[in-house]
Amino acid sequence: MANSSVLSEYYEAMSKNRDVDGMVAVLHPEIEVTFPETERNWNGIQTARQKFLAMFDKYPDFHATYEITSEDDHSATLACHFWDPKTDYDVHRTMKYIFEGGKILAIHHL
């Protein structure tokens, strides 16, 4: 699967459907997620599932959009917008996704 298709599935599951199973389905089993605040870093499918469920509990009307700003065969950098009008959550963030075997191996919040 092309990396752009993986991203499309991931963001559709996240934003349109709030579908944790759909999000996890495109993650590599050894998914690693990093943040500038290193104490927020995490890894693993089970943790991903817990984090996504908690995110949807906290932001019940969560939405996300993205634009690919650069990409190669193994990575893509995105300009992302995450928001929830019910909670006034509104964040713009640059993120880098790393792919392996048609799955998202890492997500780096830059």
(message) So, taking all protein chains as they sit and a 1.4 Å probe, how much accessible area belongs to Glu12, in Å² rounded to tens?
(response) 90
(request) Quick one: compute the contact order of the chain, relative version, from alpha carbon pairs under 8 angstrom and 6+ residues apart, as a percent. (result) 28
(message) Between Asp57 and Asp19, what is 0.36 nm times their sequence separation minus the Cα-Cα distance? Round to one decimal in nm.
(response) 12.4 nm
(request) Kindly provide the trypsin sites (Lys or Arg not before Pro) of the range 19-110 that DSSP labels as loop, not H, G, I, E or B, and whose Cβ sees at most 16 other Cβ atoms within 10 Å. (result) Lys86
(request) Using the Cα centre as the reference, give the magnitude of the dipole from point charges on the C-beta atoms of the chain (Lys, Arg: +1; Asp, Glu: -1; all else neutral), rounded to the nearest 20 debye. (result) 220
(request) Heads up, I need the accessible area for Leu105: 1.4 angstrom probe, whole protein in place, Å², nearest 10. (result) 40
(request) Quickly estimate the mean residue ellipticity at 222 nm for the chain, helices only: each DSSP H run with n ≥ 4 gives -39500 (n - 2.57), and the total goes over all residues, rounded to 500. (result) -7500 deg cm²/dmol
(request) Give me the number: length gained by fully extending Thr69 to Thr87, i.e. 0.36 nm times residue separation minus the C-alpha to C-alpha distance, one decimal in nm. (result) 3.7 nm
(request) Heads up, I need the accessible area for Thr65: 1.4 angstrom probe, whole protein in place, Å², nearest 10. (result) 70
(message) Which of rounded, prolate or oblate describes the chain when judged by the alpha-carbon gyration tensor and an a/c cut-off of 1.5?
(response) rounded
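The values are calculated or read from the model by the stated rules, or taken from the named source; none is laboratory data. Note that the structure is a prediction, hence the values are computed from the model and not measured. Note that we place each Cβ from the backbone using ideal geometry, even for glycine, and neighbour counts take in every protein chain shown. All accessible areas refer to the heavy atoms of the entire protein, side chains included, with ligands and DNA or RNA removed. Shrake-Rupley method; radii C 1.70, N 1.55, O 1.52, S 1.80 Å.
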